[in-house]
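The values are calculated or read from the model by the stated rules, or taken from the named source; none is laboratory data. The structure displayed is predicted, hence computed values, not measured ones. In this analysis, Cβ positions are derived from the backbone assuming ideal geometry, glycine residues included, and neighbour counts consider all displayed protein chains.
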(Lines give C-alpha, C1' and ligand atoms only; values in the text may rest on other atoms or scores of the structure.)
Protein backbone atom coordinates (compact mmCIF):
# COMPACT_ATOMS: atom_id res chain seq x y z
CA UNK A 1 0.00 0.00 0.00
CA UNK A 2 1.52 3.30 -1.07
CA UNK A 3 1.74 6.39 1.20
CA UNK A 4 -0.70 9.21 0.54
CA UNK A 5 0.47 12.01 -1.71
CA UNK A 6 1.51 15.39 -0.29
CA UNK A 7 0.04 18.61 -1.60
CA UNK A 8 1.60 22.04 -1.72
CA UNK A 9 -1.05 23.41 0.63
CA UNK A 10 -0.13 20.92 3.33
CA UNK A 11 3.49 21.93 3.03
CA UNK A 12 2.56 25.62 3.31
CA UNK A 13 0.61 24.96 6.50
CA UNK A 14 3.71 23.40 8.01
CA UNK A 15 5.73 26.46 7.06
CA UNK A 16 3.37 29.05 8.59
CA UNK A 17 4.79 28.87 12.15
CA UNK A 18 8.23 29.24 10.67
CA UNK A 19 7.01 32.27 8.70
CA UNK A 20 5.80 33.94 11.92
CA UNK A 21 9.12 33.17 13.56
CA UNK A 22 11.03 34.67 10.65
CA UNK A 23 8.80 37.76 10.66
CA UNK A 24 9.47 38.25 14.38
CA UNK A 25 13.19 37.73 13.83
CA UNK A 26 13.31 40.31 11.05
CA UNK A 27 11.26 42.83 13.05
CA UNK A 28 13.51 42.59 16.10
CA UNK A 29 16.58 43.02 13.95
CA UNK A 30 15.00 46.01 12.19
CA UNK A 31 13.96 47.60 15.50
CA UNK A 32 17.38 47.18 17.11
CA UNK A 33 19.04 48.59 14.00
CA UNK A 34 16.87 51.71 13.67
CA UNK A 35 16.03 52.70 17.26
CA UNK A 36 19.07 54.98 17.43
CA UNK A 37 17.60 57.21 14.72
CA UNK A 38 14.46 57.95 16.75
CA UNK A 39 16.49 58.35 19.94
CA UNK A 40 18.84 60.81 18.25
CA UNK A 41 15.92 62.87 16.98
CA UNK A 42 14.39 62.98 20.48
CA UNK A 43 17.70 64.10 21.96
CA UNK A 44 18.09 66.80 19.32
CA UNK A 45 14.56 68.03 20.08
CA UNK A 46 15.42 68.32 23.76
CA UNK A 47 18.63 70.21 23.01
CA UNK A 48 16.78 72.57 20.67
CA UNK A 49 14.14 73.10 23.36
CA UNK A 50 16.84 74.43 25.66
CA UNK A 51 18.11 76.86 23.08
CA UNK A 52 14.74 78.14 21.82
CA UNK A 53 11.33 78.15 23.51
CA UNK A 54 9.29 75.29 22.01
CA UNK A 55 5.75 74.70 23.24
CA UNK A 56 4.93 71.08 24.12
CA UNK A 57 8.59 70.05 24.08
CA UNK A 58 8.00 66.74 25.90
CA UNK A 59 5.41 65.53 23.40
CA UNK A 60 7.50 66.71 20.47
CA UNK A 61 10.49 64.84 21.89
CA UNK A 62 8.46 61.64 22.21
CA UNK A 63 7.06 61.89 18.69
CA UNK A 64 10.13 60.31 16.97
CA UNK A 65 9.94 57.31 19.32
CA UNK A 66 6.21 56.97 18.77
CA UNK A 67 6.66 57.19 15.01
CA UNK A 68 9.43 54.59 15.18
CA UNK A 69 7.14 52.25 17.14
CA UNK A 70 4.40 52.60 14.51
CA UNK A 71 6.89 51.83 11.74
CA UNK A 72 8.09 48.72 13.60
CA UNK A 73 4.53 47.46 14.04
CA UNK A 74 3.81 48.12 10.39
CA UNK A 75 6.99 46.29 9.43
CA UNK A 76 5.87 43.31 11.50
CA UNK A 77 2.37 43.14 10.08
CA UNK A 78 2.52 44.49 6.57
CA UNK A 79 5.91 43.32 5.31
CA UNK A 80 5.34 40.67 2.60
CA UNK A 81 6.91 37.24 3.24
CA UNK A 82 5.78 34.65 0.60
CA UNK A 83 5.99 30.86 1.33
CA UNK A 84 8.74 30.29 -1.20
CA UNK A 85 10.86 32.94 0.54
CA UNK A 86 10.14 31.28 3.90
CA UNK A 87 11.19 27.89 2.53
CA UNK A 88 14.40 29.28 1.10
CA UNK A 89 15.36 30.99 4.37
CA UNK A 90 14.53 27.91 6.47
CA UNK A 91 16.61 25.77 4.15
CA UNK A 92 19.50 28.17 4.53
CA UNK A 93 19.25 28.48 8.32
CA UNK A 94 18.82 24.73 9.01
CA UNK A 95 21.06 23.49 6.22
CA UNK A 96 18.19 21.57 4.61
CA UNK A 97 19.86 21.65 1.17
CA UNK A 98 16.89 23.49 -0.42
CA UNK A 99 14.57 20.62 0.39
CA UNK A 100 11.56 22.78 1.23
CA UNK A 101 12.02 25.30 -1.60
CA UNK A 102 12.39 22.51 -4.19
CA UNK A 103 9.21 20.82 -2.99
CA UNK A 104 7.22 24.04 -3.38
CA UNK A 105 8.57 24.68 -6.86
CA UNK A 106 7.92 21.10 -8.02
CA UNK A 107 4.44 21.16 -6.57
CA UNK A 108 3.47 23.98 -8.89
CA UNK A 109 4.08 21.82 -11.96
CA UNK A 110 1.25 20.01 -13.65
CA UNK A 111 3.03 16.69 -14.18
CA UNK A 112 3.31 14.29 -11.28
CA UNK A 113 6.16 11.78 -11.48
CA UNK A 114 7.33 9.29 -8.91
CA UNK A 115 10.46 11.31 -8.25
CA UNK A 116 8.45 14.44 -7.51
CA UNK A 117 6.15 12.49 -5.22
CA UNK A 118 9.07 11.08 -3.26
CA UNK A 119 10.73 14.49 -2.97
CA UNK A 120 7.58 16.11 -1.63
CA UNK A 121 7.06 13.34 0.90
CA UNK A 122 10.60 13.82 2.12
CA UNK A 123 10.11 17.61 2.36
CA UNK A 124 6.84 17.20 4.22
CA UNK A 125 8.46 14.77 6.66
CA UNK A 126 11.22 17.30 7.27
CA UNK A 127 8.70 20.13 7.72
CA UNK A 128 6.81 18.06 10.29
CA UNK A 129 9.91 18.00 12.47
CA UNK A 130 10.42 21.78 12.32
CA UNK A 131 10.09 23.86 15.49
CA UNK A 132 9.99 27.70 15.40
CA UNK A 133 12.57 27.78 18.17
CA UNK A 134 15.06 26.36 15.72
CA UNK A 135 15.18 29.84 14.10
CA UNK A 136 17.31 32.01 16.43
CA UNK A 137 16.35 35.61 17.30
CA UNK A 138 19.15 38.01 16.45
CA UNK A 139 19.66 41.55 17.80
CA UNK A 140 21.90 44.19 16.32
CA UNK A 141 23.62 45.01 19.59
CA UNK A 142 25.90 47.89 18.66
CA UNK A 143 23.19 50.22 17.27
CA UNK A 144 20.92 49.16 20.13
CA UNK A 145 23.49 50.20 22.76
CA UNK A 146 23.91 53.55 21.04
CA UNK A 147 20.13 53.97 21.02
CA UNK A 148 19.86 53.17 24.72
CA UNK A 149 22.51 55.77 25.56
CA UNK A 150 20.69 58.39 23.49
CA UNK A 151 17.35 57.52 25.11
CA UNK A 152 18.83 57.84 28.60
CA UNK A 153 20.32 61.22 27.69
CA UNK A 154 17.00 62.41 26.27
CA UNK A 155 15.06 61.36 29.39
CA UNK A 156 17.65 63.02 31.63
CA UNK A 157 17.07 66.27 29.76
CA UNK A 158 13.31 65.77 30.07
CA UNK A 159 13.55 65.38 33.85
CA UNK A 160 15.92 68.31 34.41
CA UNK A 161 14.52 71.89 34.59
CA UNK A 162 14.34 73.65 31.26
CA UNK A 163 15.66 77.25 31.22
CA UNK A 164 13.14 78.07 28.48
CA UNK A 165 10.16 77.21 30.68
CA UNK A 166 9.90 80.79 31.88
CA UNK A 167 9.90 82.08 28.31
CA UNK A 168 7.19 79.58 27.41
CA UNK A 169 5.05 80.65 30.36
CA UNK A 170 5.54 84.27 29.38
CA UNK A 171 4.56 83.50 25.79
CA UNK A 172 1.45 81.68 27.01
CA UNK A 173 0.54 84.66 29.18
CA UNK A 174 1.03 87.03 26.24
CA UNK A 175 -1.08 84.75 24.07
CA UNK A 176 -3.87 84.81 26.64
CA UNK A 177 -3.59 88.59 26.95
CA UNK A 178 -3.78 89.08 23.17
CA UNK A 179 -6.84 86.86 22.95
CA UNK A 180 -8.50 88.83 25.75
CA UNK A 181 -7.58 92.06 23.98
CA UNK A 182 -9.18 90.75 20.78
CA UNK A 183 -12.38 90.04 22.74
CA UNK A 184 -12.38 93.58 24.15
CA UNK A 185 -11.85 95.05 20.69
CA UNK A 186 -14.77 92.98 19.38
CA UNK A 187 -17.02 94.34 22.15
CA UNK A 188 -15.89 97.88 21.31
CA UNK A 189 -16.80 97.30 17.66
CA UNK A 190 -20.29 96.22 18.68
CA UNK A 191 -20.67 99.29 20.86
CA UNK A 192 -19.58 101.63 18.07
CA UNK A 193 -21.94 99.89 15.63
CA UNK A 194 -24.86 100.88 17.89
CA UNK A 195 -23.76 104.53 18.16
CA UNK A 196 -26.30 106.44 16.08
CA UNK A 197 -24.47 109.75 16.40
CA UNK A 198 -21.69 108.53 14.11
CA UNK A 199 -22.02 108.99 10.38
CA UNK A 200 -22.00 105.79 8.29
CA UNK A 201 -18.65 106.72 6.75
CA UNK A 202 -16.95 107.34 10.10
CA UNK A 203 -18.51 104.22 11.60
CA UNK A 204 -17.25 102.09 8.71
CA UNK A 205 -13.75 103.60 8.90
CA UNK A 206 -13.44 103.01 12.65
CA UNK A 207 -14.81 99.49 12.32
CA UNK A 208 -12.28 98.68 9.59
CA UNK A 209 -9.37 99.83 11.77
CA UNK A 210 -10.58 97.87 14.78
CA UNK A 211 -11.38 94.76 12.69
CA UNK A 212 -7.84 94.67 11.33
CA UNK A 213 -6.43 95.04 14.84
CA UNK A 214 -8.71 92.28 16.14
CA UNK A 215 -7.61 89.92 13.37
CA UNK A 216 -3.92 90.48 14.03
CA UNK A 217 -4.37 89.99 17.77
CA UNK A 218 -6.26 86.74 17.24
CA UNK A 219 -3.49 85.42 14.98
CA UNK A 220 -0.69 86.45 17.33
CA UNK A 221 1.13 83.30 18.58
CA UNK A 222 2.28 85.00 21.79
CA UNK A 223 4.85 87.45 20.42
CA UNK A 224 4.74 90.49 22.71
CA UNK A 225 6.74 92.77 20.42
CA UNK A 226 4.48 92.00 17.47
CA UNK A 227 1.34 92.61 19.53
CA UNK A 228 2.64 95.93 20.86
CA UNK A 229 3.62 96.99 17.34
CA UNK A 230 0.11 96.21 16.06
CA UNK A 231 -1.46 98.18 18.91
CA UNK A 232 0.85 101.15 18.31
CA UNK A 233 0.08 101.14 14.59
CA UNK A 234 -3.66 101.12 15.23
CA UNK A 235 -3.33 103.87 17.84
CA UNK A 236 -1.30 106.04 15.46
CA UNK A 237 -3.97 105.71 12.78
CA UNK A 238 -6.69 106.65 15.25
CA UNK A 239 -4.63 109.58 16.52
CA UNK A 240 -4.67 111.01 13.00
CA UNK A 241 -8.46 111.27 13.25
CA UNK A 242 -8.30 113.47 16.34
CA UNK A 243 -8.55 117.24 15.98
CA UNK A 244 -6.76 119.67 18.25
CA UNK A 245 -9.65 122.07 18.89
CA UNK A 246 -12.51 119.69 19.65
CA UNK A 247 -12.50 120.21 23.42
CA UNK A 248 -12.33 123.98 23.12
CA UNK A 249 -15.16 123.89 20.58
CA UNK A 250 -17.24 121.73 22.86
CA UNK A 251 -16.68 124.00 25.85
CA UNK A 252 -17.64 127.06 23.78
CA UNK A 253 -20.86 125.45 22.50
CA UNK A 254 -21.78 124.27 26.00
CA UNK A 255 -21.32 127.85 27.20
CA UNK A 256 -23.63 128.95 24.37
CA UNK A 257 -26.28 126.44 25.50
CA UNK A 258 -26.06 127.69 29.08
CA UNK A 259 -26.42 131.32 28.01
CA UNK A 260 -29.41 130.49 25.79
CA UNK A 261 -31.08 128.68 28.69
CA UNK A 262 -30.54 131.73 30.87
CA UNK A 263 -31.94 133.95 28.10
CA UNK A 264 -35.15 131.89 27.98
CA UNK A 265 -35.37 131.71 31.78
CA UNK A 266 -35.03 127.92 31.71
CA UNK A 267 -33.64 125.85 34.55
CA UNK A 268 -29.92 125.58 33.93
CA UNK A 269 -28.27 122.19 34.11
CA UNK A 270 -24.82 121.65 35.54
CA UNK A 271 -23.39 120.79 32.16
CA UNK A 272 -25.59 121.28 29.08
CA UNK A 273 -25.11 119.13 26.02
CA UNK A 274 -24.68 120.08 22.39
CA UNK A 275 -28.10 118.62 21.70
CA UNK A 276 -29.60 121.12 24.14
CA UNK A 277 -27.74 123.92 22.36
CA UNK A 278 -29.22 122.81 19.03
CA UNK A 279 -32.73 122.64 20.51
CA UNK A 280 -32.33 126.03 22.16
CA UNK A 281 -31.36 127.66 18.84
CA UNK A 282 -34.35 126.14 17.04
CA UNK A 283 -36.73 127.20 19.81
CA UNK A 284 -35.26 130.68 19.74
CA UNK A 285 -35.87 130.87 15.98
CA UNK A 286 -39.55 130.06 16.57
CA UNK A 287 -39.92 132.68 19.34
CA UNK A 288 -38.61 135.60 17.28
CA UNK A 289 -42.01 136.28 15.70
CA UNK A 290 -43.62 136.87 19.12
CA UNK A 291 -40.91 139.22 20.41
CA UNK A 292 -41.24 142.95 20.78
CA UNK A 293 -38.77 145.28 19.04
CA UNK A 294 -37.02 145.91 22.36
CA UNK A 295 -36.63 142.16 22.97
CA UNK A 296 -35.30 141.66 19.44
CA UNK A 297 -32.76 144.43 19.93
CA UNK A 298 -31.67 142.90 23.22
CA UNK A 299 -31.47 139.47 21.55
CA UNK A 300 -29.38 140.89 18.70
CA UNK A 301 -26.92 142.32 21.19
CA UNK A 302 -26.76 139.00 23.02
CA UNK A 303 -26.19 137.08 19.77
CA UNK A 304 -23.34 139.42 18.81
CA UNK A 305 -21.65 138.75 22.13
CA UNK A 306 -22.05 135.02 21.66
CA UNK A 307 -20.68 135.28 18.12
CA UNK A 308 -17.59 137.08 19.39
CA UNK A 309 -16.97 134.37 21.98
CA UNK A 310 -17.42 131.59 19.39
CA UNK A 311 -15.35 133.25 16.67
CA UNK A 312 -12.18 131.33 17.51
CA UNK A 313 -13.51 127.87 18.41
CA UNK A 314 -16.72 127.57 16.33
CA UNK A 315 -16.45 129.99 13.38
CA UNK A 316 -19.42 128.57 11.44
CA UNK A 317 -21.78 128.93 14.38
CA UNK A 318 -20.37 132.38 15.13
CA UNK A 319 -20.97 133.52 11.55
CA UNK A 320 -24.57 132.26 11.64
CA UNK A 321 -25.22 134.03 14.96
CA UNK A 322 -23.74 137.27 13.58
CA UNK A 323 -26.03 137.03 10.54
CA UNK A 324 -29.00 136.46 12.85
CA UNK A 325 -28.05 139.52 14.91
CA UNK A 326 -27.74 141.68 11.77
CA UNK A 327 -31.13 140.44 10.54
CA UNK A 328 -32.77 141.24 13.88
CA UNK A 329 -31.26 144.72 13.84
CA UNK A 330 -32.81 145.22 10.40
CA UNK A 331 -36.09 143.72 11.70
CA UNK A 332 -35.87 140.88 9.13
CA UNK A 333 -37.51 138.04 11.08
CA UNK A 334 -37.37 135.46 8.28
CA UNK A 335 -33.67 136.01 7.64
CA UNK A 336 -32.98 135.82 11.38
CA UNK A 337 -34.83 132.51 11.62
CA UNK A 338 -32.86 131.07 8.71
CA UNK A 339 -29.60 132.19 10.29
CA UNK A 340 -30.54 130.58 13.61
CA UNK A 341 -31.47 127.36 11.78
CA UNK A 342 -28.05 127.44 10.12
CA UNK A 343 -26.47 127.91 13.55
CA UNK A 344 -28.42 124.91 14.86
CA UNK A 345 -27.28 122.88 11.85
CA UNK A 346 -23.65 123.82 12.50
CA UNK A 347 -24.07 122.77 16.13
CA UNK A 348 -25.47 119.45 14.92
CA UNK A 349 -22.43 118.95 12.69
CA UNK A 350 -20.18 119.80 15.62
CA UNK A 351 -22.14 117.28 17.68
CA UNK A 352 -21.47 114.55 15.11
CA UNK A 353 -17.83 115.57 15.00
CA UNK A 354 -17.65 115.37 18.78
CA UNK A 355 -19.19 111.89 18.68
CA UNK A 356 -16.56 110.80 16.17
CA UNK A 357 -13.80 112.24 18.33
CA UNK A 358 -15.18 110.54 21.42
CA UNK A 359 -15.38 107.21 19.59
CA UNK A 360 -11.78 107.54 18.44
CA UNK A 361 -10.67 108.55 21.93
CA UNK A 362 -12.56 105.60 23.40
CA UNK A 363 -10.83 103.26 20.96
CA UNK A 364 -7.44 104.80 21.78
CA UNK A 365 -8.08 104.45 25.51
CA UNK A 366 -9.06 100.79 25.02
CA UNK A 367 -5.92 100.17 22.97
CA UNK A 368 -3.76 101.78 25.64
CA UNK A 369 -5.39 99.64 28.30
CA UNK A 370 -4.80 96.47 26.29
CA UNK A 371 -1.20 97.52 25.67
CA UNK A 372 -0.65 97.86 29.41
CA UNK A 373 -2.21 94.45 29.97
CA UNK A 374 0.05 92.83 27.37
CA UNK A 375 3.14 94.56 28.78
CA UNK A 376 2.36 93.28 32.27
CA UNK A 377 1.53 89.74 31.08
CA UNK A 378 4.10 87.17 32.11
CA UNK A 379 5.77 89.44 34.66
CA UNK A 380 4.15 87.59 37.57
CA UNK A 381 5.93 84.38 36.61
CA UNK A 382 9.22 86.26 36.41
CA UNK A 383 8.68 87.83 39.82
CA UNK A 384 7.79 84.47 41.35
CA UNK A 385 10.96 82.95 39.93
CA UNK A 386 13.03 85.81 41.31
CA UNK A 387 11.40 85.46 44.73
CA UNK A 388 12.12 81.75 44.80
CA UNK A 389 15.74 82.41 43.89
CA UNK A 390 16.02 85.04 46.63
CA UNK A 391 14.49 82.70 49.19
CA UNK A 392 16.95 79.98 48.29
CA UNK A 393 19.83 82.46 48.56
CA UNK A 394 18.60 83.64 51.98
CA UNK A 395 18.35 80.07 53.20
CA UNK A 396 21.92 79.46 52.09
CA UNK A 397 23.08 82.59 53.93
CA UNK A 398 21.29 81.53 57.10
CA UNK A 399 22.92 78.13 56.98
CA UNK A 400 26.31 79.77 56.51
CA UNK A 401 25.70 82.09 59.47
CA UNK A 402 24.70 79.15 61.65
CA UNK A 403 27.95 77.43 60.72
CA UNK A 404 29.93 80.53 61.66
CA UNK A 405 28.13 80.75 64.99
CA UNK A 406 29.05 77.14 65.71
CA UNK A 407 32.69 77.90 65.02
CA UNK A 408 32.57 80.92 67.26
CA UNK A 409 31.03 78.81 70.05
CA UNK A 410 33.97 76.40 69.88
CA UNK A 411 36.57 79.09 70.49
CA UNK A 412 38.12 79.06 74.01
CA UNK A 413 37.00 81.34 76.79
CA UNK A 414 39.80 83.82 76.22
CA UNK A 415 37.40 86.14 74.43
CA UNK A 416 35.24 86.45 77.54
CA UNK A 417 38.18 87.73 79.56
CA UNK A 418 39.04 90.24 76.87
CA UNK A 419 35.43 91.39 76.78
CA UNK A 420 35.52 91.96 80.56
CA UNK A 421 38.54 94.21 80.23
CA UNK A 422 36.94 96.06 77.37
CA UNK A 423 33.82 96.56 79.52
CA UNK A 424 35.83 98.30 82.24
CA UNK A 425 37.45 100.57 79.70
CA UNK A 426 34.01 101.34 78.26
CA UNK A 427 32.72 102.44 81.68
CA UNK A 428 35.58 104.88 82.07
CA UNK A 429 34.97 106.31 78.63
CA UNK A 430 31.24 106.60 79.42
CA UNK A 431 31.92 108.70 82.50
CA UNK A 432 34.14 111.03 80.49
CA UNK A 433 31.44 111.29 77.83
CA UNK A 434 28.80 112.28 80.42
CA UNK A 435 30.98 115.12 81.63
CA UNK A 436 31.41 116.34 78.05
CA UNK A 437 27.67 116.22 77.47
CA UNK A 438 26.99 118.35 80.53
CA UNK A 439 29.41 120.98 79.30
CA UNK A 440 27.83 120.88 75.83
CA UNK A 441 24.34 121.37 77.27
CA UNK A 442 25.45 124.45 79.14
CA UNK A 443 26.86 125.89 75.92
CA UNK A 444 23.63 125.16 74.04
CA UNK A 445 21.56 126.97 76.67
CA UNK A 446 23.65 130.06 76.15
CA UNK A 447 23.18 129.87 72.39
CA UNK A 448 19.40 129.49 72.78
CA UNK A 449 19.18 132.59 74.92
CA UNK A 450 21.07 134.57 72.29
CA UNK A 451 18.83 133.26 69.51
CA UNK A 452 15.68 134.21 71.46
CA UNK A 453 16.90 137.77 71.64
CA UNK A 454 17.52 137.88 67.89
CA UNK A 455 14.07 136.39 67.19
CA UNK A 456 12.42 139.11 69.27
CA UNK A 457 14.11 141.79 67.16
CA UNK A 458 13.07 140.07 63.90
CA UNK A 459 9.44 139.73 65.05
CA UNK A 460 9.30 143.44 65.77
CA UNK A 461 10.61 144.27 62.29
CA UNK A 462 8.12 141.85 60.65
CA UNK A 463 5.21 143.42 62.54
CA UNK A 464 6.15 146.85 61.21
CA UNK A 465 6.52 145.52 57.65
CA UNK A 466 3.15 143.69 57.73
CA UNK A 467 1.31 146.79 58.92
CA UNK A 468 2.84 148.77 56.05
CA UNK A 469 1.92 146.11 53.52
CA UNK A 470 -1.67 146.01 54.77
CA UNK A 471 -1.95 149.75 54.21
CA UNK A 472 -0.60 149.43 50.65
CA UNK A 473 -3.04 146.59 49.86
CA UNK A 474 -6.01 148.57 51.12
CA UNK A 475 -4.95 151.53 48.97
CA UNK A 476 -4.72 149.26 45.91
CA UNK A 477 -8.21 147.90 46.50
CA UNK A 478 -9.73 151.34 46.76
CA UNK A 479 -8.10 152.46 43.51
CA UNK A 480 -8.76 149.19 41.62
CA UNK A 481 -11.86 147.09 40.93
CA UNK A 482 -14.84 147.44 43.22
CA UNK A 483 -15.48 144.93 45.99
CA UNK A 484 -18.72 143.74 44.34
CA UNK A 485 -16.86 142.13 41.36
CA UNK A 486 -15.48 138.60 41.54
CA UNK A 487 -11.69 138.50 41.61
CA UNK A 488 -9.19 135.65 41.32
CA UNK A 489 -7.07 134.77 44.35
CA UNK A 490 -4.35 132.11 44.05
CA UNK A 491 -4.86 128.99 46.13
CA UNK A 492 -3.11 128.68 49.49
CA UNK A 493 -3.41 125.38 51.39
CA UNK A 494 -3.96 126.95 54.84
CA UNK A 495 -6.23 129.76 53.62
CA UNK A 496 -3.92 132.45 55.04
CA UNK A 497 -2.27 135.31 53.12
CA UNK A 498 0.99 134.40 51.51
CA UNK A 499 4.21 135.35 53.26
CA UNK A 500 6.11 138.28 51.86
CA UNK A 501 9.24 137.20 50.04
CA UNK A 502 12.34 139.20 50.90
CA UNK A 503 15.66 139.38 49.10
CA UNK A 504 18.46 140.34 51.38
CA UNK A 505 21.21 142.57 50.08
CA UNK A 506 24.91 142.60 50.77
CA UNK A 507 26.39 143.59 54.08
CA UNK A 508 27.20 147.26 54.54
CA UNK A 509 30.16 148.91 56.11
CA UNK A 510 28.87 148.37 59.65
CA UNK A 511 28.62 144.60 59.15
CA UNK A 512 24.79 144.61 59.14
CA UNK A 513 22.60 143.34 56.34
CA UNK A 514 20.77 146.08 54.41
CA UNK A 515 17.16 145.19 53.54
CA UNK A 516 15.03 147.27 51.13
CA UNK A 517 11.40 146.44 50.46
CA UNK A 518 9.84 147.34 47.12
CA UNK A 519 6.70 149.45 47.00
CA UNK A 520 4.15 149.96 44.24
CA UNK A 521 3.58 153.68 43.97
CA UNK A 522 1.34 153.54 40.88
CA UNK A 523 -2.16 154.63 42.00
CA UNK A 524 -4.97 152.33 40.93
CA UNK A 525 -2.60 149.54 39.80
CA UNK A 526 -4.13 146.06 39.75
CA UNK A 527 -2.15 143.56 41.77
CA UNK A 528 -2.18 139.81 40.91
CA UNK A 529 -4.88 139.37 43.56
CA UNK A 530 -7.22 141.70 41.66
CA UNK A 531 -7.41 139.82 38.29
CA UNK A 532 -11.05 139.45 37.08
CA UNK A 533 -12.41 135.99 37.79
CA UNK A 534 -14.05 135.53 34.36
CA UNK A 535 -10.78 136.25 32.56
CA UNK A 536 -8.82 133.74 34.63
CA UNK A 537 -11.54 131.09 34.28
CA UNK A 538 -11.61 131.52 30.49
CA UNK A 539 -7.81 131.18 30.30
CA UNK A 540 -7.84 128.06 32.44
CA UNK A 541 -10.68 126.51 30.41
CA UNK A 542 -8.83 127.13 27.15
CA UNK A 543 -5.58 125.70 28.53
CA UNK A 544 -7.39 122.63 29.85
CA UNK A 545 -9.16 122.10 26.52
CA UNK A 546 -5.88 122.25 24.61
CA UNK A 547 -4.29 119.79 27.04
CA UNK A 548 -7.20 117.36 26.64
CA UNK A 549 -6.99 117.58 22.83
CA UNK A 550 -3.26 116.93 22.68
CA UNK A 551 -3.26 113.87 24.97
CA UNK A 552 -5.04 110.52 24.74
CA UNK A 553 -6.96 110.72 28.03
CA UNK A 554 -9.88 108.31 28.61
CA UNK A 555 -13.25 109.96 27.93
CA UNK A 556 -14.56 109.43 31.46
CA UNK A 557 -11.59 111.35 32.87
CA UNK A 558 -12.19 114.18 30.41
CA UNK A 559 -15.75 114.39 31.72
CA UNK A 560 -14.40 115.00 35.22
CA UNK A 561 -12.33 117.94 33.95
CA UNK A 562 -15.29 119.46 32.09
CA UNK A 563 -17.60 119.08 35.09
CA UNK A 564 -14.99 120.74 37.28
CA UNK A 565 -14.82 123.89 35.11
CA UNK A 566 -18.61 123.91 34.68
CA UNK A 567 -19.03 124.15 38.43
CA UNK A 568 -16.53 127.01 38.62
CA UNK A 569 -18.69 129.25 36.44
CA UNK A 570 -20.67 131.82 38.47
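Things to note:
- Against the test of being in a helix (DSSP H, G or I), free of Cβ contacts under 8 Å to residues at least 60 places away in the same chain and exposed (fewer than 15 other Cβ atoms within 10 Å of the Cβ), the options 338, 305, 323 yield a single qualifying residue, 305.
- Scanning segment 3-41 for residues that are part of a loop (DSSP other than H, G, I, E, B) and buried (at least 18 other Cβ atoms within 10 Å of the Cβ) yields one hit, 6.
- Qualifying residue in segment 88-96 (condition: surrounded by 14 or more Cβ atoms within 10 Å (Cβ to Cβ), in a loop (DSSP other than H, G, I, E, B) and out of contact with any strand residue (DSSP E or B) (no Cβ under 8 Å at 6 or more places or on another chain)): yes
- When we screen 175, 171 for residues that are modelled with pLDDT of 90 or more, part of a helix (DSSP H, G or I) and surrounded by 14 or more Cβ atoms within 10 Å (Cβ to Cβ), the only hit is 175.
- Output for segment 359-392, where each listed residue is crowded, with 17+ Cβ neighbours inside 10 Å and modelled with pLDDT under 85: 377, 378, 381
- Condition check for residue 349: assigned to a helix (DSSP H, G or I), modelled with pLDDT under 90 and either over 32 Å from the mean Cα position of the chain (by Cα) or under 30 Å from residue 210 (Cβ atoms) (or both): yes
- Looking across segment 202-222, the residues that are buried (at least 18 other Cβ atoms within 10 Å of the Cβ) and outside any helix (DSSP H, G or I) come down to 220, 222.
- Selected residue (criterion: farthest from the chain's Cα centre (by Cα)) from residues of segment 117-142 that are crowded, with 17+ Cβ neighbours inside 10 Å and in a helix (DSSP H, G or I): 119
- Residues that are buried (at least 17 other Cβ atoms within 10 Å of the Cβ), outside any helix (DSSP H, G or I) and touching a helix residue (DSSP H, G or I) at 6+ places or on another chain (Cβ under 8 Å) are absent from segment 225-238.
- Scanning segment 42-85 for residues that are in contact (Cβ under 8 Å) with a residue 40 or more places away in the chain and either in contact with a strand residue (DSSP E or B) (Cβ under 6 Å, 6 or more places away or on another chain) or not in a helix (DSSP H, G or I) (or both) gives 52, 53, 54, 55, 79, 81.
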